[in-house]
Ligand code: NAD
């Protein structure tokens, strides 16, 4: 309603194609009259000693304060003495779960028409704990860390998500037959949480079998939850099922209810500044942000306008085989609102 109090959200336009696709989100949100005021923050040009990275302290404070934000792709500058931008965000905001909705886009033909699943990836530990060393020459060791705390936290989020979104089933993906202690603990935590949600079906699927099933029939899955490395791989596999990185949204969930939505793709330096980028992934990420804020009417309207535009096929960007510029495609979406 016009009386709705505006919500302030942080916006990181990011690098490369980031500013172009962020502009597209701003336009579509204006056209759909979404009650959001953006607080924009760019990546700084020098290292902020308080964050040890090119991200400013103020930009992180903005996300902490607003608890909701949208992030374009960021390219970490090369050089020593600073932390990667994405790693800084993950650590500073404690972004513990990466959520990727993955559904077939009607009208954009891929091998499958009926993909409708969500991958939820533990994002803070596992194989990506960054603990690697050389034992002796020719022998290296990497530590996979699984904790009860982080496993319960991500499992809790997966079941909460399933319930809140009317989903029926959560599948825990693992390799506990080999990784008995680590994946074993992960599964144990998932089982504990599953008991609190008797209305949601719970199953455990071994990662290799999961890959085969996903490729043969993705409709077999609903919500999938898994440790870090498996999540990294499976979520990209699922992006491939629906047409690739230009179409796939994601949202990071952090401590204290923070939600930072972001496209899955990078800054695409090869097409940056050419008005060629496909804004769909960032737009659909912005839609997940609206759903997090329970602005479902606005989310539905924008999502439908995007899907209609792609299905019509008149305006499509080059990555989807079309000839439209970012701005023409964006205008077509606005016209469909
Ligand atoms: P990339 O995703 O930027 O590009 C891969 C290919 O996909 C390129 O050909 C690109 O043109 C195309 N592409 C990507 N997004 C597109 C879009 N929206 N529309 C049309 N085409 C699109 O991957 P990369 O080249 O490996 O990485 C480039 C930079 O981005 C690197 O500096 C990397 O570190 C960074 N990166 C950032 C994130 C992030 O911020 N989350 C994620 C991945 C990569």
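For the range 255-292, filtered to residues that are modelled with pLDDT of 95 or more and more than 16 Å from the ligand (Cβ to nearest atom), the residue that is farthest from residue 66 (Cα to Cα) is 290.
Considering every residue within the range 50-58, establish whether at least one is in contact with a strand residue (DSSP E or B) (Cβ under 9 Å, 6 or more places away or on another chain), more than 20 Å from residue 248 (Cβ to Cβ) and assigned to a helix (DSSP H, G or I). Yes, that holds for at least one residue.
Among the residues of the range 119-136, are any within 16 Å of the ligand (Cβ to nearest atom), touching a helix residue (DSSP H, G or I) at 6+ places or on another chain (Cβ under 9 Å) and farther than 28 Å from residue 181 by Cβ? Among the residues of the range 119-136, not one is within 16 Å of the ligand (Cβ to nearest atom), touching a helix residue (DSSP H, G or I) at 6+ places or on another chain (Cβ under 9 Å) and farther than 28 Å from residue 181 by Cβ, which makes the answer no. Restricting attention to the range 49-71, the residues being within 20 Å of residue 99 (Cβ to Cβ) and within 16 Å of the ligand (Cβ to nearest atom) number 4.
Only one of the numbered conditions (1) over 28 Å from residue 163 (Cβ atoms); (2) modelled with pLDDT under 95; (3) not in a loop (DSSP other than H, G, I, E, B) is not met by residue 334, and that is (2). Taken together, the residues in the range 55-113 that are touching a helix residue (DSSP H, G or I) at 6+ places or on another chain (Cβ under 6 Å) and free of Cβ contacts under 8 Å to residues at least 40 places away in the same chain amount to 3.
Pairs are defined by a Cβ separation below 7 Å, a sequence spacing of at least 6 or placement on different chains, a first member in the range 271-287 that is assigned to a loop (DSSP other than H, G, I, E, B), and a second member that is more than 11 Å from the ligand (Cβ to nearest atom); the pairs so defined are 275/325; 275/327; 276/325; 279/25; 279/330.
For the range 245-254, give me each residue that is near the ligand (Cβ under 8 Å from one of its atoms) and either touching a strand residue (DSSP E or B) at 6+ places or on another chain (Cβ under 6 Å) or over 28 Å from residue 94 (Cβ atoms) (or both). The answer is 246, and nothing else.
Scanning the range 225-234 for residues that are within 12 Å of the ligand (Cβ to nearest atom) and crowded, with 23+ Cβ neighbours inside 10 Å yields a count of 0. If the condition is being within 15 Å of the ligand (Cβ to nearest atom), assigned to a loop (DSSP other than H, G, I, E, B) and in contact with a strand residue (DSSP E or B) (Cβ under 8 Å, 6 or more places away or on another chain), then the range 293-321 contributes 315, 316.
The values are calculated or read from the model by the stated rules, or taken from the named source; none is laboratory data. Everything numeric in this text was worked out from a predicted model, so none of it was measured. Every residue, glycine among them, receives a Cβ derived from its backbone with ideal geometry; neighbour counts consider all protein chains shown.
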